[in-house]
1. Among the residues of the range 27-57, count how many are of a type outside the set (A, V, I, L, M, F, W, C) and surrounded by 18 or more Cβ atoms within 10 Å (Cβ to Cβ).
2. Residues to consider are Thr328, Thr259, Thr303, Thr321; find the one that is open to solvent by less than 10 Å² (accessible area, probe 1.4 Å) and either touching a Lys or Arg at 6+ places or on another chain (Cβ under 6 Å) or not hydrophobic (A, V, I, L, M, F, W, C) (or both).
3. Could you tell me which of the residues Val142, Val160, Val178 is under 22 Å from Arg26 (Cβ atoms) and open to solvent by 30 Å² or more (accessible area, probe 1.4 Å)?
4. Any residue in the range 72-88 that is surrounded by 18 or more Cβ atoms within 10 Å (Cβ to Cβ), assigned to a helix (DSSP H, G or I), polar (S, T, N, Q) and modelled with pLDDT of 85 or more?
5. Which number in (1) closer than 20 Å to Ala276 by Cα; (2) open to solvent by less than 40 Å² (accessible area, probe 1.4 Å); (3) under 16 Å from the mean Cα position of the chain (by Cα) marks the one condition that Tyr337 misses?
6. Could you say whether any residue in the range 270-286 is out of contact with any helix residue (DSSP H, G or I) (no Cβ under 8 Å at 6 or more places or on another chain) and modelled with pLDDT of 85 or more?
7. Among (1) surrounded by fewer than 22 Cβ atoms within 10 Å (Cβ to Cβ); (2) closer than 20 Å to Phe70 by Cβ; (3) over 20 Å from the mean Cα position of the chain (by Cα), which single condition is Glu148 missing?
8. Can you find even one residue in the range 78-98 that is closer than 28 Å to Ala224 by Cβ, in contact (Cβ under 8 Å) with a residue 60 or more places away in the chain, of a type in the set (Lys, Arg) and in contact with a Lys or Arg (Cβ under 9 Å, 6 or more places away or on another chain)?
Amino acid sequence: MPLAISSEDIVVVTTADPTVPSTVRRYFALAAVTALYFFLMAGSFNALGVVLPAMVADMKLSWSDAGFGFTLLGLACGLTSPLPAMAIRRFGIVATLVAAGVLLALGFALLASASSKLQYDLGTLLIGCAFTIGGTVPGTYVVANLFEQSSRPMGIYFGVGGLGSIAGPLFYLGVDDVFHAWRPFWWLCALATGLCGIAAALVVRGIPFGHAHDDTIRTAGWPARAALSVPAFWVIVASYTGCLAISTTLHGFSVQHFTEHGLSSAHAAEIMSLVAFFAAAGSFLAGEVGRIMGARVLTVAATGAMTLAAVDLLLPQSSLTLGVFVLTMGLGVGLSYVASAMLLLEYFGTRHNLELYATMCLISTAAAFGPWFGGAIHDDTGSFRAIFMAFGALGLVLTIAVSFLRRPRLRDEA
């Protein structure tokens with residue numbers, strides 16, 4: 001008998017929601033913000049440290065003048081942390097990325113054309129502000145809102161972006177070998193970051209950031225004020241700030257510590273390059289480990305690794321201890337960036353993550369005092385051992401605190 005089909009038996013298949021970006025477009029957006037972060041890292045802290053000797057000699061600056069510009073760069077990065085959150089909420093992600101590209105191009109152009117201390121300082125100040133506006137705050141905002149499982153994309157973002165800190169100094173050496181001058185490097189940085197900022201803005205233009213992947217906790221809300229009243233938020237912030245303080249201080253003093261204990265400066269520099277390589281690898285690894293084991297375990301691993309790196313410097317220097325330092329320091333730095341961002345998302349959701357992440361970055365500016373404190377200790381004692389010991393103890397406390405951390409519950413409010 002022929003099969004009779006009524007109108008009630010017909011199933012209408014609807015098309016996908018047109019407001020949800022395709023997988024291809026999501027990964028294009030990820031690639032765009034990652035490229036911006038890569039060139040941002042390539043032209044900022046590590047590269048500036050390599051270019052500075054040539055700039056000091058050519059512009060006849062004192063090292064105090066040079067150091068002040070470096071300080072401006074760091075302070076601008078930390079103190080302007082709330083700006084990207086406010087800019088994205090008020091003007092949107094597209095305008096924020098355009099502003100970052102323009103400011104970066106202006107900052108690097110000022111360094112390229114600098115003939116005075118004022119131009120140098122203005123350049124570093126603009127780059128520091130743009131670093132925040134175009135860096136991890138908008139980057140994690142884009143990634144968290146486009147991917148339901150954001151751990152792997154987050155690892156890609158921080159991992160590839162972190163490679164910029166390795167590529168920047170090498171890129172400068174190549175440019176200097178061709179042009180025998182330092183200014184072309186800054187002009188190329190201006191061009192690359194300006195174009196990347198505009199390209200990222202064009203790619204994300206039209207994508208709705210409506211928190212389509214909100215889970216139960218995210219739907220429940222977690223307003224910024226409620227999150228700020230929960231101890232778990234402050235443990236996460238303390239962990240991130242502590243890891244950043246250890247990282248900044250050990251990056252600043254490890255080479256000097258190694259040379260004081262018999263290592264050549266060239267060998268010490270190679271060790272720090274290996275640390276940067278493992279940091280990038282750690283960020284890649286974090287994305288995969290976070291998907292399997294969760295962000296809290298990842299954060300424990302990050303703080304534990306940074307603790308071991310600080311304690312390792314207290315031991316007699318040998319091939320073994322140097323190898324342990326490279327591995328723990330590199331992986332600790334790489335894991336900490338991704339772990340803290342993921343843990344905030346996991347515990348408090350995407351809806352107000354923008355403000356919470358910016359708040360964490362602002363508070364973490366306190367980590368900048370680590371090198372100052374360590375330098376003062378070295379001036380008094382002739383050694384960095386005391387600061388390494390202090391950071392080892394701090395890291396241990398933070399590791400234990402995060403180990404006992406549990407996801408907070410959002411109370412129902414009338």
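1. Initially, the range 27-57 is screened for residues of a type outside the set (A, V, I, L, M, F, W, C), giving 27, 34, 37, 43-44, 46, 49, 53.
Among the residues that remain, those that are also surrounded by 18 or more Cβ atoms within 10 Å (Cβ to Cβ) are: 34, 37, 43-44, 46.
Number satisfying all stated conditions: 5.
2. Numbers: Thr328 fails: open to solvent by less than 10 Å² (accessible area, probe 1.4 Å); Thr259 fails: open to solvent by less than 10 Å² (accessible area, probe 1.4 Å); Thr321 fails: open to solvent by less than 10 Å² (accessible area, probe 1.4 Å).
Selected residue: Thr303, the only one of Thr328, Thr259, Thr303, Thr321 that is open to solvent by less than 10 Å² (accessible area, probe 1.4 Å) and either touching a Lys or Arg at 6+ places or on another chain (Cβ under 6 Å) or not hydrophobic (A, V, I, L, M, F, W, C) (or both).
3. Val160
4. Scanning the range 72-88 turns up no residue that is surrounded by 18 or more Cβ atoms within 10 Å (Cβ to Cβ), assigned to a helix (DSSP H, G or I), polar (S, T, N, Q) and modelled with pLDDT of 85 or more.
5. All conditions pass for Tyr337, except number (2).
6. Filtering the range 270-286 down to residues out of contact with any helix residue (DSSP H, G or I) (no Cβ under 8 Å at 6 or more places or on another chain) leaves 270.
Narrowing the set further to residues that are modelled with pLDDT of 85 or more leaves none.
Checked the range 270-286: no residue is out of contact with any helix residue (DSSP H, G or I) (no Cβ under 8 Å at 6 or more places or on another chain) and modelled with pLDDT of 85 or more.
7. Condition not satisfied by Glu148: (2).
8. The answer is no, given that none of the residues of the range 78-98 is closer than 28 Å to Ala224 by Cβ, in contact (Cβ under 8 Å) with a residue 60 or more places away in the chain, of a type in the set (Lys, Arg) and in contact with a Lys or Arg (Cβ under 9 Å, 6 or more places away or on another chain).
The values are calculated or read from the model by the stated rules, or taken from the named source; none is laboratory data. Predicted, not measured: the structure shown is a model, and the values here were computed from it. A quick note on method: Cβ atoms are made from the backbone with ideal geometry, for glycine too, and the neighbour counts reach across all protein chains shown. These area figures cover heavy atoms from the full protein model, side chains too; ligands, DNA and RNA do not enter into them. Shrake-Rupley method; radii C 1.70, N 1.55, O 1.52, S 1.80 Å.
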